[in-house]
Amino acid sequence: MWNAALWGGVSGSAVLLGAMAAMFLPIRKKMIGYIMAFGTGVLIGAASYELLGESVHNGGLLPTGIGFVAGAIIFTLFDIMISNKGAKNRKRSGHKAAASSGIVLFAGTIMDAIPESIMIGTSLLEGGKVSFLLVTAIFISNFPEGLSSTSGMKKSGYSKKKIILLWSSVFVIAGIASMAGYIFLDGASKEVLSGIAGFAGGAIIAMVASTMMPEAYEDSGPMTGFIAAIGLLASLVLDHFS
């Protein structure tokens, strides 16, 4: 149980680390784009190999497919809702992020983090070993989110103390969500676990396509495709040796 909380916290800590980097280090916008592009490739690989591929193998195509579609739909609906309230550019470091409400940016990050953390917890149910590919992919994607969202919060007038407090709570929430996934899904049928994994996979793919990929291209340009491909290769290597 505490192991699940630890690994969930590790993935969530990347948001806080990204926030600290945005506040104290001069990081070029293009570098943020490169990190996000790499994270895009790794996340696509993690969703494909660790979530969808494993869930189809363990619980079947139908529950995985139903969960996948449900995850994509629900993420999209929530994304539309919070985008209309000002978090459309929550992963952006540029001037457009400055207009976003800090609390809405925070809500958008939580929306991204909870299903990912739950799956980290459930990955410990089989064999007691965490999915390093999933943790790595989520960590890499969370870092630029904390970095870019913090840039927007700073431009909106948020103090450093308040920003650190908000992102520290993401670290705590990620740990709790991972622990909850481990506790409440222990003993669940393979079909239920496959549906939940499919749900997380659908939400991740929808998030990657609607936020990370276009915004990575905006920051890093034509190199985005190549770096994302390297990220996908990295996820393949991690999956092979895990």
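Values for this structure:
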item	result
Residue that is farthest from Arg28 (Cα to Cα), among those in the range 138-192 that are polar (S, T, N, Q) and buried (at least 22 other Cβ atoms within 10 Å of the Cβ)	Ser178
Any hit, the range 178-196, residues being under 24 Å from Ala21 (Cβ atoms), at pLDDT 80 or above, under 19 Å from the mean Cα position of the chain (by Cα) and not in a loop (DSSP other than H, G, I, E, B)	yes
Residue match in the range 206-218 (condition: open to solvent by 10 Å² or more (accessible area, probe 1.4 Å) and within 21 Å of Val56 (Cβ to Cβ))	yes
Any hit, the range 219-226, residues being touching a Phe, Trp or Tyr at 6+ places or on another chain (Cβ under 6 Å), over 19 Å from Glu145 (Cβ atoms) and open to solvent by 10 Å² or more (accessible area, probe 1.4 Å)	no
Residues of the range 66-80 that turn out to be farther than 22 Å from Ser235 by Cβ and open to solvent by less than 50 Å² (accessible area, probe 1.4 Å), as a count	2
Residue within the range 27-47 that is free of Cβ contacts under 8 Å to residues at least 12 places away in the same chain and open to solvent by 50 Å² or more (accessible area, probe 1.4 Å) present	yes
Boolean, Leu134 is part of a helix (DSSP H, G or I), in contact (Cβ under 8 Å) with a residue 24 or more places away in the chain and either of a type in the set (D, E, K, R) or open to solvent by less than 10 Å² (accessible area, probe 1.4 Å) (or both)	yes
Top-ranked residue of the range 193-205 - restricted to ones that are crowded, with 23+ Cβ neighbours inside 10 Å and β-branched (Val, Ile, Thr), ranked as nearest to Asn142 (Cα to Cα)	Ile204
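The values are calculated or read from the model by the stated rules, or taken from the named source; none is laboratory data. The shown structure was predicted, so the numbers you read here are calculated from the model rather than taken from an experiment. Heads up, the Cβs are rebuilt from the backbone with ideal geometry, glycines too, and the neighbour counts pull from every protein chain shown. When the accessible area is computed, the model is the full protein with side chains, heavy atoms only, and any ligands, DNA or RNA have been set aside. Shrake-Rupley method; radii C 1.70, N 1.55, O 1.52, S 1.80 Å.
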